[in-house]
Amino acid sequence: MIYLDHENADIVLAIRGLHLGNQSDYAILFDNKLGQTMFDGGYVHNGLLNAARCVFDAEHEVLKDLLERNLTYTLTFAGHSLGAGVVALLTMVVLQNQDLLGNVERNRIKCYAIAPARCTSLNLAIRYVDVINSVVLQ
C-alpha cells in the first residue's frame, strides 16, 4: 500500500506481515540460502530480497512520480513481521538505485521494520542504521 501523507509531508509504502493462510508467504520465508545471497558486501535473506526487488520493480516509477511532485516529502517504508523484512531489504535496494527515483537524498529515506525476520548480516545492519529502524520487543 502506498499512502501520501500531506499533513506530515511523507510518502509511505507499507507491507503487511505474514498471512498464515497464504502459501506464497511461506515460499518467501523459506526461500533462504543461508550465507549464500550477497548484497552490498554482506549477506541477506534470499526470499525477502527477491520480494523486495519485485516490489521495487513494480512501484519505483510511482514512487519517483510522487517524489517529483512532492519535492520536500520524505519516503518512508514500514512493515511488520515478514513485511518488515521485505521493507528493510527494499530500503537497501532503493538506496542502491537512487537514480531510478530521481536521485532522492539518503536523508529523506526512512524505514520502520516492526518485529522483522532476520534478514541481513551484521555489517549491513550497521551500514544502514541511519536509515533502517528495527523495532524488536525482547
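The values are calculated or read from the model by the stated rules, or taken from the named source; none is laboratory data. Here the structure is a predicted model, which is why all the values come from computation and not from measurement. In this analysis, Cβ positions are derived from the backbone assuming ideal geometry, glycine residues included, and neighbour counts consider all displayed protein chains. Heads up: the accessible areas ignore ligands, DNA and RNA and are worked out on the full protein's heavy atoms, side chains in. Shrake-Rupley method; radii C 1.70, N 1.55, O 1.52, S 1.80 Å.
Results for (1) touching a residue at least 60 places away in the same chain (Cβ under 8 Å); (2) not in a helix (DSSP H, G or I), shown as yes or no for each residue.
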site: 36; (1), (2): no, yes
site: 51; (1), (2): no, no
site: 55; (1), (2): no, no
site: 77; (1), (2): yes, yes
site: 88; (1), (2): no, no
site: 93; (1), (2): no, no
site: 112; (1), (2): no, yes
site: 126; (1), (2): no, no
Those residues that are open to solvent by less than 50 Å² (accessible area, probe 1.4 Å), modelled with pLDDT of 95 or more and farther than 22 Å from residue 124 by Cα, I need them from the range 6-64; list them, please.
-> 9, 10, 11, 12, 60, 63
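Look through 82, 101 and report the one residue that is touching a residue at least 40 places away in the same chain (Cβ under 8 Å), closer than 18 Å to residue 61 by Cβ and aliphatic (A, V, I, L, M).
On the way: 82 fails: closer than 18 Å to residue 61 by Cβ.
Only one candidate qualifies: 101.
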Using the structure shown, decide if residue 129 is within 18 Å of residue 3 (Cβ to Cβ), open to solvent by 30 Å² or more (accessible area, probe 1.4 Å) and aliphatic (A, V, I, L, M).
-> no
